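Worksheet: one structure, shown below.
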Amino acid sequence: MPESDSDDDYINVEDDVDLTEWRKRTEHFPVDGYWKVFDVFAEDEEPVFCAIADDLADIHANLREGLHFFEIGQMEEAIWRWQFTYFSHWGRHLTGAQTALHQFFADQGGINNES
């Protein structure tokens, strides 16, 4: 992690995430959530239910954290945080939600399919 000038540069945006607001924003989505295993290489991994609203809230929080550093001119810190949190956290939320929505729409014959 790049050196930070002070402890004041730390931002915890997850405290600001309003999950109720994200649930309202996604209430008209055709899919609320999906089942997923986190370790796709473990034979005994039990699937867990993931909510798309939770996914979007977590993605937003992680991206916003990097954006804070970008806006105060700490580009290396911003890039480091985006990359680190992508591989350690929000990337899994992104690919999980994307896969669920892709499968839903593919099964329906597309986004604008009237059938």
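The values are calculated or read from the model by the stated rules, or taken from the named source; none is laboratory data. In this text, all values refer to a predicted model and were calculated from it rather than measured experimentally. Neighbour counts run over all protein chains shown; Cβ positions are idealised from the backbone, glycine included.
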- Query: Ala78: of a type outside the set (Val, Ile, Thr), farther than 28 Å from Asp107 by Cβ and in a helix (DSSP H, G or I), yes or no?
  - Reply: yes
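Which of the following residues is modelled with pLDDT of 95 or more and under 14 Å from the mean Cα position of the chain (by Cα): Phe87, Phe70?
Numbers: Phe70 fails: under 14 Å from the mean Cα position of the chain (by Cα).
After ruling out the rest, the residue left standing is Phe87.
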- Filter segment 15-31 for residues that are at pLDDT below 90 and aliphatic (A, V, I, L, M); the one that is farthest from His60 (Cα to Cα) is Leu19
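Mind listing whichever residues of segment 26-44 are over 18 Å from His89 (Cα atoms) and either loosely packed, with under 14 Cβ neighbours inside 10 Å or among the β-branched types (Val, Ile, Thr) (or both)? Write out each step before concluding.
Residues of segment 26-44 that are over 18 Å from His89 (Cα atoms), as a first pass: 26-32, 42-44.
Passing the criteria: Thr26, Glu27, His28, Pro30, Val31, Ala42, Glu43, Asp44.
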- What pairs come up if the first residue lies in segment 73-98 and is more than 24 Å from Ala53 (Cα to Cα), the second is crowded, with 17+ Cβ neighbours inside 10 Å, and their beta carbons are under 7 Å apart, counting only those six or more places apart or on different chains? Glu77/Phe69; Ala78/Gly66; Ala78/Phe69
- Filter segment 45-60 down to residues that are surrounded by 16 or more Cβ atoms within 10 Å (Cβ to Cβ) and in contact with a strand residue (DSSP E or B) (Cβ under 7 Å, 6 or more places away or on another chain), then give me how many there are. 3
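Taking the conditions exactly as written (modelled with pLDDT of 90 or more, of a type in the set (Asp, Glu) and either more than 13 Å from the chain's Cα centre (by Cα) or not in a loop (DSSP other than H, G, I, E, B) (or both)), does Asp54 satisfy them or not? So that I can check it myself, show each step before the final result.
Numbers: modelled with pLDDT of 90 or more: yes; of a type in the set (Asp, Glu): yes; either more than 13 Å from the chain's Cα centre (by Cα) or not in a loop (DSSP other than H, G, I, E, B) (or both): yes.
Considered against the rule, which asks whether it is modelled with pLDDT of 90 or more, of a type in the set (Asp, Glu) and either more than 13 Å from the chain's Cα centre (by Cα) or not in a loop (DSSP other than H, G, I, E, B) (or both), Asp54 comes out as yes.
Looking only at segment 57-75, count every residue that is in a helix (DSSP H, G or I) and either of a type in the set (Val, Ile, Thr) or in contact with a Cys (Cβ under 8 Å, 6 or more places away or on another chain) (or both) and tell me the total. Outline the logic, then answer.
Our first condition is that a residue be in a helix (DSSP H, G or I); within segment 57-75, this holds for 57-71, 75.
Retained after the next criterion (residues that are either of a type in the set (Val, Ile, Thr) or in contact with a Cys (Cβ under 8 Å, 6 or more places away or on another chain) (or both)): 59.
Matching residues across segment 57-75 total 1.
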- Message: Quick check on my filter: what residues within segment 61-84 are surrounded by fewer than 16 Cβ atoms within 10 Å (Cβ to Cβ), more than 24 Å from Glu21 (Cβ to Cβ) and not aliphatic (A, V, I, L, M)?
- Response: Gly73, Glu76, Trp80, Gln83, Phe84
